[in-house]
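Values quoted throughout were computed directly from the atomic coordinates according to the rules given, and no laboratory measurement underlies them. Predicted model only: the values in this text are computed from it and were never measured. Cβ sites come from the backbone with ideal geometry, for glycine too, and all protein chains shown count toward neighbours.
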Amino acid sequence: DAMVIQNPRYQVTQFGKPVTLSCSQTLNHNVMYWYQQKSSQAPKLLFHYYDKDFNNEADTPDNFQSRRPNTSFCFLDIRSPGLGDAAMYLCATSRGKTYEQYFGPGTRLTVT
Amino acid sequence: GQQLNQSPQSMFIQEGEDVSMNCTSSSIFNTWLWYKQDPGEGPVLLIALYKAGELTSNGRLTAQFGITRKDSFLNISASIPSDVGIYFCAGRTGGTSYGKLTFGQGTILTVHP
């Protein structure tokens, strides 16, 4: 089945130790998004790629970076995780900017 | 920026009951999406609405795009235990928007067998 895949599902990292989360999609969608979701809150958009065009949200910390080497894959890099970065990280895709978004299962990040 | 007010925040119902939740905004939206999120999982798209007044069903779920384009509701009929989860509405404005969704705060649904 076509889908959005996130690996790993659970990630533990140490305070200040860089970590990379990955997302892949078999939907061949043009747009890929990264969201941060903290407990009992709605997802918060960090950034998105429209093809290779990167768009950063104004309030996304510089600590967060992203790479999209090809249509299928997108990575979220957290350069120096702090305790406040512990959250669920969700990847989503859409065919175009006006279409519905499909989410992956998420990666739960713990920072020790 | 746009804000969505989703209500109720939580609901406790008996199995078999019908459920209704809604989202309202002071801004006009061109798209309304309804998602369900289970604990530890990503949101799953339930229904997408693209036209004012549109009424769309997906099994026991029915959602409508308000005629003013500032609101939407989701109904669940004959609830079952697996309906438990958090339901989010999300809206998108038109114009130069690149597809950014504004999310409601979520409705936590609990179904008692």
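For this structure, a couple of remarks:
- The strands (runs of 3 or more DSSP E) falling completely within chain A that include 1 or more residues that are more than 13 Å from chain B (Cβ to nearest Cβ) and of a type in the set (Gly, Ala, Ser) map to A:19-25, A:64-67.
- Candidates are the residues of segment B:71-93 that are assigned to a loop (DSSP other than H, G, I, E, B) and among the polar types (S, T, N, Q); the one that is surrounded by the most Cβ atoms within 10 Å (Cβ to Cβ) is B:Ser79.
- Any hit, segment A:72-79, residues being surrounded by fewer than 16 Cβ atoms within 10 Å (Cβ to Cβ), touching a Pro at 6+ places or on another chain (Cβ under 7 Å) and not acidic (Asp, Glu): yes
- The combined condition, being over 22 Å from A:Phe103 (Cα atoms), within 14 Å of chain A (Cβ to nearest Cβ) and not β-branched (Val, Ile, Thr), is not fulfilled by B:Lys36.
- None of B:Ile13, B:Ile28 is in a loop (DSSP other than H, G, I, E, B), more than 27 Å from A:Thr107 (Cβ to Cβ) and aliphatic (A, V, I, L, M) except B:Ile28.
- Some residue of segment B:33-56 being among the polar types (S, T, N, Q), in contact (Cβ under 8 Å) with a residue 40 or more places away in the chain and assigned to a loop (DSSP other than H, G, I, E, B): no
- If you go through segment B:1-10 and pick out every residue that is closer than 21 Å to B:Thr56 by Cβ and either touching a Phe, Trp or Tyr at 6+ places or on another chain (Cβ under 6 Å) or assigned to a loop (DSSP other than H, G, I, E, B) (or both), you end up with 0.
- Unique match (being closer than 22 Å to A:Ala42 by Cα, more than 10 Å from chain A (Cβ to nearest Cβ), buried (at least 20 other Cβ atoms within 10 Å of the Cβ) and within 12 Å of the chain's Cα centre (by Cα)) among B:Thr24, B:Thr31, B:Thr107: B:Thr107
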